[in-house]
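The values are calculated or read from the model by the stated rules, or taken from the named source; none is laboratory data. All values reported here derive from a predicted model rather than from experimental measurement. Backbone-built Cβ (ideal geometry, glycine too); neighbour counts: all protein chains shown.
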Amino acid sequence: MRKITIAIDGHSSTGKSTVAKQLADYLGYIFVDSGAMYRAVTLFALRKGIISESHFDKEKLIDSLAEIQLTFKKNKEEKAEMYLNDENVEKQIRTLEVSEFVSPIATVSEVRKKLVEQQQEMGKEGGIVMDGRDIGSVVFPNAELKIFMTASPQVRAERRYKELLERGDTISFEEVLENVTERDQIDSNRRDSPLKIAEGAIVIDNSETNQEDQFHMLLQLAKDRI
Ligand code: C5P
């Protein structure tokens, strides 16, 4: 059976990673959450004082890129976790602080170039499900299946808010809603690789779809192409 490439893009907090992982597990494919890579670069920049509320030293970030090594390693439950220079940062990259700075970091072309090269290398044999913002448009423009996921900002913020509360974060719903909409705004309007519906992508609005139905729908779309 041939191994296809599945690209899942879309707005923030639409459940892209969840369904991408489900599909990859079912099909025995590699799963890559490309957003985790941008988040890890952001964590690095925050720790080095390269970005803060008051400044963003792009040149320093570009000069530091060679010092950033990103890898995914599976934990005991077979879930891929993000490592930044051999440190497991899976938890640290999911905070609201990282979410607040990740979109400006992701506008930097040199950052994108480095990450896109690594993502293409991971997918060069096919048999991969990758989710992000530019997967169907830039990383794998020839992917056999391209999906663009969206949902209303309110629904997306509610999902994200619940997730963050479950992790024990103390934040308000308004902060989460603001972050979700602000990230979409920056991601969709940046010059390099903006978030857009890739050519040939199937658009799914999952505001009112349950996860299980969505998974089966995407699985069928994948099977039709294998
Ligand atoms: O997918 P996630 O919400 O974790 O992504 C975090 C951020 O990383 C996005 O808001 C976007 O700014 C950036 N990103 C990107 N290109 C990708 C994946 C993520 O620019 N392929």
(message) Any residue that is part of a strand (DSSP E or B) and either at pLDDT 95 or above or under 27 Å from LEU165 (Cα atoms) (or both) - is there at least one of those in segment 112-121?
(response) no
(request) Please list, ordered by first then second residue, the pairs with beta carbon atoms under 6 Å, 6 or more apart or interchain, first in segment 28-55 and part of a loop (DSSP other than H, G, I, E, B), second not aliphatic (A, V, I, L, M). (result) TYR29/GLY127; ILE50/ASP57; ILE50/LYS60
(message) Looking only at segment 81-91, filter to residues that are out of contact with any Asp or Glu (no Cβ under 7 Å at 6 or more places or on another chain) and either modelled with pLDDT under 95 or surrounded by fewer than 18 Cβ atoms within 10 Å (Cβ to Cβ) (or both); which one of those is farthest from LEU43 (Cα to Cα)?
(response) ASP86
(request) Identify the single condition in (1) more than 10 Å from the ligand (Cβ to nearest atom); (2) in a helix (DSSP H, G or I); (3) in contact with a helix residue (DSSP H, G or I) (Cβ under 8 Å, 6 or more places away or on another chain); (4) of a type outside the set (Phe, Trp, Tyr) that ILE171 does not satisfy, given that it satisfies every other one. (result) (2)
(message) For the structure I just gave you, tell me whether THR14 is more than 20 Å from ARG190 (Cβ to Cβ), among the hydroxyl-bearing types (Ser, Thr, Tyr) and not in a helix (DSSP H, G or I).
(response) no
(message) Please go through (1) away from the ligand (no atom under 13 Å from the Cβ); (2) under 22 Å from LYS16 (Cα atoms); (3) free of Cβ contacts under 8 Å to residues at least 24 places away in the same chain for GLY126 and return the number of the only condition it doesn't satisfy.
(response) (3)
